[in-house]
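The values are calculated or read from the model by the stated rules, or taken from the named source; none is laboratory data. None of the values given here were measured: they were computed from a predicted structure. Quick reminder, even Gly has a Cβ in these numbers, built from the backbone with ideal geometry, and neighbours come from all protein chains shown. To get the accessible areas, we keep the full protein, side chains included, count just its heavy atoms, and leave off ligands, DNA and RNA. Shrake-Rupley method; radii C 1.70, N 1.55, O 1.52, S 1.80 Å.
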Amino acid sequence: MAERAALEELVRLQGERVRGLKQQKASAEQIEEEVAKLLKLKAQLGPDEGKQKFVLKTPKGTRDYSPRQMAVREKVFDVIISCFKRHGAEVIDTPVFELKETLTGKYGEDSKLIYDLKDQGGELLSLRYDLTVPFARYLAMNKLTNIKRYHIAKVYRRDNPAMTRGRYREFYQCDFDIAGQFDPMIPDAECLEIMCEILRSLQIGDFLVKVNDRRILDGMFAICGVPDSKFRTICSSVDKLDKVSWEEVKNEMVGEKGLAPEVADHIGDYVQQHGGISLVEQLLQDPELSQNKQALEGLGDLKLLFEYLTLFGIADKISFDLSLARGLDYYTGVIYEAVLLQTPVQAGEEPLGVGSVAAGGRYDGLVGMFDPKGRKVPCVGLSIGVERIFSIVEQRLEAELLYKKNPKLLNQLQYCEEAGIPLVAIIGEQELKDGVIKLRSVASREEVDVPREDLVEEIKRRTSQPFCIC
């Protein structure tokens, strides 16, 4: 022990000598000589096994789940899975990693976010980026042409994480897809109905589903004068309009991607429009857009889609938004994205900027990329962004208790009304004496005395409606 202490002191003194020489701007040769002596002393010192040399933490962009968080997560999954099953979906699973060539060229500019693994036994592998490409590979490999499937699993992206907003490098996706040949827009409408069903059941706030069509975007780019080779990269720029202003997007198109300013302005005339079926009908009469075959097909399908959505009773939740682009390369038709209009905020909380909470679209050509004969299987699907939903729920739960000594009952009831808590259990002296618990409905203010042994069943009965996160 004494020898080590003496050696540590020599290292300290030699380190001071090196720093002193640097401050004095001594010759490089002299500094190198003294640094070499310092390194030699450190080598003799060896590792200090008594000290921990690393910070104990989860990797960047990942997280652990506590029992409480797991309970919330499982409840959310139950709601989602129940909806998928009601619509006749079967569950599948695929490997967490795929051959690198399976994933290459499917994600546009986002391909740089794929995690590549080191060579393992002669195979180049990558962690899956989403569940859609593995599903297309599964269909082609098993020669399936018709299936409704759901898949809940983790995916991986080398993204810049923003964990308070539900953005991670390892996260769950909850996917539902319909593969097969059906009448136009019926599967697409069902996917949008499922999306609305789930978001309504979770009751995390009011939402809007934006829809567009890749054929309309491509037709719009063509009539505006965008070169074919720039379609996908300009599409990625347009997709940023939900986060930044049109001027910033235009500057990126012109300054970084070499688009002519007048072409960008022409695009701006279109992508800043949004509305319902009336906008679809208006664009069907547009003198330029109506002359483009792709755009005309897309607008015709959107008009039919809105008719089905009206029958489903969800047309008021859907907005035709020409700025919605969805940057993934494999989309071929209708695309959609659900966003929260107003995130739920409790007293004293900061607003939650969690972005979209669900998205999807049609990808008719993806399976054909894996089939040896290029046979296509039409597909459409959706993905629920559960990590962002977890972030909303968890922040709401943090405001669940009143941290006050002897708070007044009226204040507690008022808090429950503001927080959307449906039931209040009241236990006073009389309730303790009678062996009951007073259960109060916050909405109706009705109160009933419930025997203690029946309380759990009574709460389950009263809350057995669509799941409410309060």
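Is it the case, given these coordinates, that residue 93 is more than 22 Å from residue 167 (Cβ to Cβ), touching a residue at least 40 places away in the same chain (Cβ under 8 Å), part of a loop (DSSP other than H, G, I, E, B) and of a type in the set (D, E, K, R)? Criteria met by residue 93. When 456, 436 are checked against the criterion of being open to solvent by 30 Å² or more (accessible area, probe 1.4 Å), modelled with pLDDT of 80 or more and more than 28 Å from residue 101 (Cα to Cα), a single residue qualifies: 456.
Note on the stretch 106-124: residues that are in contact with an Asp or Glu (Cβ under 7 Å, 6 or more places away or on another chain) and open to solvent by 10 Å² or more (accessible area, probe 1.4 Å) amount to 3. Being of a type in the set (Ser, Thr, Tyr), out of contact with any strand residue (DSSP E or B) (no Cβ under 8 Å at 6 or more places or on another chain) and not in a loop (DSSP other than H, G, I, E, B): is that true of residue 319 here? The answer is no for residue 319. Screening the stretch 235-285 for helices (runs of 4 or more DSSP H) wholly inside it with 2 or more residues that are more than 22 Å from residue 296 (Cβ to Cβ), out of contact with any Pro (no Cβ under 8 Å at 6 or more places or on another chain) and open to solvent by 50 Å² or more (accessible area, probe 1.4 Å) returns the ranges 246-251, 261-271. Mind counting the residues in the stretch 173-204 that are open to solvent by 40 Å² or more (accessible area, probe 1.4 Å) and either within 21 Å of residue 363 (Cβ to Cβ) or at pLDDT 95 or above (or both)? Within the stretch 173-204, residues that are open to solvent by 40 Å² or more (accessible area, probe 1.4 Å) and either within 21 Å of residue 363 (Cβ to Cβ) or at pLDDT 95 or above (or both) number 5.
Pairs linking a residue in the stretch 101-124 that is more than 18 Å from residue 233 (Cβ to Cβ) and modelled with pLDDT under 85 to a residue that is surrounded by 13 or more Cβ atoms within 10 Å (Cβ to Cβ) and small (Gly, Ala, Ser), with Cβ atoms under 7 Å and 6 or more positions apart or on different chains, do not occur. Looking across the stretch 181-209, the residues that are more than 14 Å from residue 308 (Cα to Cα) and not hydrophobic (A, V, I, L, M, F, W, C) come down to 181, 197, 200, 201, 203, 205, 206. Candidates in the stretch 224-234 are the residues that are in a helix (DSSP H, G or I) and of a type outside the set (S, T, N, Q); of these, the one that is surrounded by the fewest Cβ atoms within 10 Å (Cβ to Cβ) is 228. For first residues located in the stretch 216-227 and more than 12 Å from residue 238 (Cβ to Cβ), partners that are part of a helix (DSSP H, G or I) and lie 6+ apart or on another chain with Cβ distances below 6 Å form the pairs 219/294; 219/295; 225/263.
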